[in-house]
Amino acid sequence: MRYLILEDGSIYAGEGFGADRETTGEVVFTTGMTGYQEAITDQSYADQILVFTNPLIGNYGITLADYESLEPKIKGVICHQVDRHPDNWRMQTTLPKFLEHLDIPEKLEDI
């Protein structure tokens, strides 16, 4: 179980995926229906915890050709559900493995 604790004291619990460590950052959101990999690797989200409003991300995996930047700077990812077994002929890894490899902390699911 992982927790999102906001400045006002609100606490949200959820299942973790990816790297397992604590982090801090400004919580921001994206309403994009696709492009989760591009958003995660977008430098404009540096030092922020990115919330995806689309209920499912990770469904087409991660592909090197779709990076915005090779060194993502986000502090974390929050989503409702992540696909751990995507099926895409272009993908090179899954979203959870990608985030764990990059040591991107505090990924919460089903909050």
| Can you name the residue in segment 63-111 that is in a strand (DSSP E or B) and surrounded by fewer than 16 Cβ atoms within 10 Å (Cβ to Cβ) and is also farthest from the chain's Cα centre (by Cα) among such residues? | 93
| task | Using the structure shown, decide if residue 60 is out of contact with any helix residue (DSSP H, G or I) (no Cβ under 7 Å at 6 or more places or on another chain), under 30 Å from residue 89 (Cβ atoms) and either surrounded by 16 or more Cβ atoms within 10 Å (Cβ to Cβ) or not charged (D, E, K, R) (or both). | result | yes
| remark: Among (1) exposed (fewer than 12 other Cβ atoms within 10 Å of the Cβ); (2) in contact with a Cys (Cβ under 9 Å, 6 or more places away or on another chain), residue 1 falls short only on (2)
| query | Given the conditions (1) within 24 Å of residue 93 (Cα to Cα); (2) surrounded by 11 or more Cβ atoms within 10 Å (Cβ to Cβ), and given that residue 55 satisfies all but one, which numbered condition is not satisfied? | reply | (2)
| Qualifying positions in segment 17-44 - surrounded by fewer than 17 Cβ atoms within 10 Å (Cβ to Cβ), within 21 Å of residue 81 (Cβ to Cβ) and among the small types (Gly, Ala, Ser) | 32, 35
| said: Looking only at segment 66-102, how many residues end up being at pLDDT below 90 and of a type in the set (Asp, Glu)? | reply: 1
| remark: How many residues of segment 16-62 are closer than 20 Å to residue 103 by Cβ, in contact (Cβ under 8 Å) with a residue 24 or more places away in the chain and not in a helix (DSSP H, G or I)? The answer is 24
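The values are calculated or read from the model by the stated rules, or taken from the named source; none is laboratory data. For clarity, every value in this text was computed on a predicted model and none was experimentally measured. Note that each Cβ is placed from the backbone with ideal geometry, even for glycine, and that neighbours are counted across all protein chains shown.
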